[in-house]
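All of the numbers you see were taken from the coordinates with simple rules; none came from a lab. Note that this is a predicted model, so its numbers are computed, not measured. Cβ coordinates were reconstructed from backbone atoms using ideal geometry, including for glycine residues, and neighbour counts include every protein chain displayed.
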Amino acid sequence: MRGLLLLLFLASLLFLAGAQTQALMDYLERRLLAIEDRISTWHEQTNRYATELREFKQQMVGLLENLDKDRETLRVELGGGSAWDGGDAGRRAPRDVGQLVAESRRKERTGQVRPSSRVRRLRGRNTDHIVTCSVPFPDCRDMISSIKAMKILKRVGGAKGMWTKDTGRSSAKVYIFNGTSGEDTLYEFSSVRDFTASTGMSRGKPVQLPFPWGGTGHTIYNGYAYYVREGAEFQVIKYDLQNGTVADSAVFPARDQVPVYALTPETYIDLAADEEGLWAIYATRENENAICLAKVDPETLDVEQTWDTPCPREGAEAAFVICGTMYVVYNTRQASRSRVQCVFDVGEMVTSDDAPLVYFPKRYGAHSSLKYNPLEQLVYAWDDGYQILYKLAMKKKLEV
Ligand SMILES: *[C@@H]1O[C@H](CO)[C@@H](O)[C@H](O)[C@H]1NC(C)=O
Ligand SMILES: *[C@@H]1O[C@H](CO)[C@@H](O)[C@H](O)[C@H]1NC(C)=O
């Protein structure tokens, strides 16, 4: 009996253990299945990721190839391509004057030139792309953000003229070029204060130049007066103000010149100084709708490089250059508010699209000259006989 009971007990124990083992086995099996499921999901995901990665890689290779092609096209264009073709206002290739003239002639013959497509104003352009080739002046990155203040200093002389300080080195002296034709005597004042205190030109020291000047395109730079001699040829004179001699002169190497600003027709070449040196703003018959820009060596008067710009002559009254960027100021024939409405950056960092539309405060009439002084970040303006100073607020290029 005892033995039977023990047997029964053992049997039930075994049964129980068997049931437990079964439950355990079931449990383990479920877990394994779940893990298997998960593993296969991971596997699927990994496969998907791998496929996506492959596709992405292929896309990148395609993009890189296109980029290479674009770069090659750009390189070819910079070596002598056209700046005016199609809608690519962003591509402005530097070329020498001869090439420029020849190409412009060729285009005229082949009817490739559509003046309207060459005229690109500040607003309303959308397809302009920034081309960052070499940045010629890496340290000079200022651009105008607005006109901070203005000061009307005096009214001396006639409706048209030009006044400036030395734009190349620090000096208190100011120089007045009254008139645009038949004049050969500029006036030097020891300071702006002296100038404003003067009755007419009475306190000024007359400086007689060897030849009369034409227009308002003169500049004073590092102790020299650079001006365009009045006459048939466009001769640039470099005059040493210290010892009163002609240091150099050169015929400007562009043919068939036309007035550079439609609203200031006396000026054919506008010499402008900025942080980087000397520039000449001009226009030729070959391309008479738009303004050209040239970099000039202040030592030798050699033209180093020229650019076609998209800035129209029509409606322009003056221009100036800051850090390699030309700002063209427009007005209307019935003088209203002057505004910077076309910008051209030789370094391609600023396009007209990202340059602010800068309005000048309304004054008397039209500006016959606007001379930027890089040492003071002031613009010396001549407005209907008034001598005005504009103080500029700057920002950094690319900081849009
Ligand atoms: C300035 O030039 C104008 C002609 O443009 C002349 O009538 C005037 O007398 C000149 N003024 C002075 C102060 O030289
Ligand atoms: C005038 O000064 C320059 C240097 O500033 C000099 O090279 C030149 O010979 C001088 N001319 C005369 C006539 O003194």
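A few points about this structure:
- The H on the amide N of E304, modeled in the peptide plane, is under 5 Å from the matching H of K295, V296, D297, each at least 5 residues off or on a different chain.
- Under 5 Å between amide hydrogens, built in the peptide plane, is the criterion, and for E275 it picks out C323, G324 among residues at least 5 positions away or on other chains.
- Mean Cβ count within 10 Å, highest first, over the residues of peptides 310-321, 294-305: 310-321, 294-305
- Restraint check, K165/K295; K165/K238; K205/K295, Cα-Cα greater than 23 Å: K205/K295
- Working from Cα pairs under 8 Å separated by at least six residues, relative contact order for the stretch 146-295 is 16 percent.
- Mean Cβ neighbour count within 10 Å, used as a protection proxy, ranking 247-253, 378-384 highest first: 378-384, 247-253
- Each label was represented as a point 7 Å from its Cα along the Cα-to-Cβ direction; for E376 and S170 these points are 1.4 nm apart.
- Distance from the stretch 251-301 to the stretch 198-218 (C-alpha centre basis), Å: 22 Å
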